[in-house]
1. In this structure, does ILE290 turn out to be under 22 Å from TYR80 (Cα atoms) and either modelled with pLDDT of 95 or more or open to solvent by less than 30 Å² (accessible area, probe 1.4 Å) (or both)?
2. What number of residues in segment 68-93 are surrounded by 16 or more Cβ atoms within 10 Å (Cβ to Cβ), assigned to a loop (DSSP other than H, G, I, E, B) and touching a residue at least 24 places away in the same chain (Cβ under 8 Å)?
3. Which one of ILE75, ILE79, ILE56 is β-branched (Val, Ile, Thr), more than 17 Å from the chain's Cα centre (by Cα) and at pLDDT 90 or above?
4. In this structure, does SER241 turn out to be under 22 Å from PHE48 (Cα atoms), at pLDDT below 90 and assigned to a helix (DSSP H, G or I)?
5. Those residues that are of a type in the set (A, V, I, L, M), open to solvent by 20 Å² or more (accessible area, probe 1.4 Å) and assigned to a loop (DSSP other than H, G, I, E, B), I need them from segment 39-67; list them, please.
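The values are calculated or read from the model by the stated rules, or taken from the named source; none is laboratory data. Owing to the predicted nature of the structure, the values given are computational and were not obtained by experimental measurement. We place every Cβ from the backbone using ideal geometry, glycine too, and count neighbours over all the protein chains shown. For accessibility, only protein heavy atoms count, side chains too; no ligands or nucleic acids. Shrake-Rupley method; radii C 1.70, N 1.55, O 1.52, S 1.80 Å.
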Amino acid sequence: LDALRSGSSLTVGSLPQNDISQIPILKSEGYDAASQPIPGESGIYPNFYNAKAGPILSQLYVRQAMEDLINRPQIVSSIYHGYADPANGPIPIHGFGQWVSPLEKRGGPYPYDPAKAVSLLKSHGWKVNPNGVSTCESPGAGASECGAGILRGQALSLQLLYSSGSTTSNDEFAAIASSEEQAGIKLGLKPEPFNTLVSTVGVCNASSHPASTCGWQLVYYGYEPYSLYPAGDGIFNTDGSGNQGGYSSAEEDRLINETEYGSGTKIFYQYEDYTAEQLPQLWVPLPSNIQVYKSN
């Protein structure tokens, strides 16, 4: 930032997200800024095999309620000043052309809707306590009950780990935690250095979920880069090396495989929309790379 503002040594450079607020000043000094989409997906991993939180996070309706409470457009506008993708699903809508399904273009399956989140929890046996902590009132596996493995009186309280060192990340997750409280979902935020996260947060699945590395409940690293093209291979399939929380769906596996052998966008849209709806991750905005360059 200092080198750009000196005006003598750089004609183009990347601007750290923490310095987004400096863009108006840079523009007044003869620069323009461009948003460069990142080829990857951005989401919070739920740990389906955490001993305490796993039964809660395994319920699709809980993940839906949590996603309904994430105001992605507001985060993009207020925290990232427009230099981020709303991440309405597994494919960023900026810069990915034919890969973006009509559903994602319309805002995805879970636009911000606090009333819907509250209704979902109530209809599944939770005593919703806005700005407090909701608790399970009707345990059991029935359609109107909390779900298998969830105990009577169990609190909807979860811990979210995320990579520290970024002011924008701090602001983003503070906003998300505040918003989740509208339905009594309590998020305890714990920022940690990235190296700490990758060394202590293990891959947890049906065959391996030791307490030593699977004590985490929710984790956000930053974003997951695509390997060769924008599909979920390695991220959302059952045996994917990047499938941290142990999400497993035979239909997801089938659709991911089909994208590798099919042609055109039809099967890709099926994969994309299914993944967006099933929430193997909670979708959160994906910051863009910000390129600052001399206006001339």
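1. yes
2. 13
3. Answer to the selection: ILE56.
4. Answer is no for this residue.
5. ALA51
One line per residue, one yes/no per condition, for (1) at pLDDT 90 or above; (2) in contact with a Lys or Arg (Cβ under 9 Å, 6 or more places away or on another chain); (3) open to solvent by 30 Å² or more (accessible area, probe 1.4 Å):
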| residue | (1), (2), (3) |
| --- | --- |
| VAL198 | no, no, yes |
| LEU218 | yes, no, no |
| SER227 | no, no, yes |
| ALA250 | yes, no, yes |
| GLU258 | yes, no, yes |
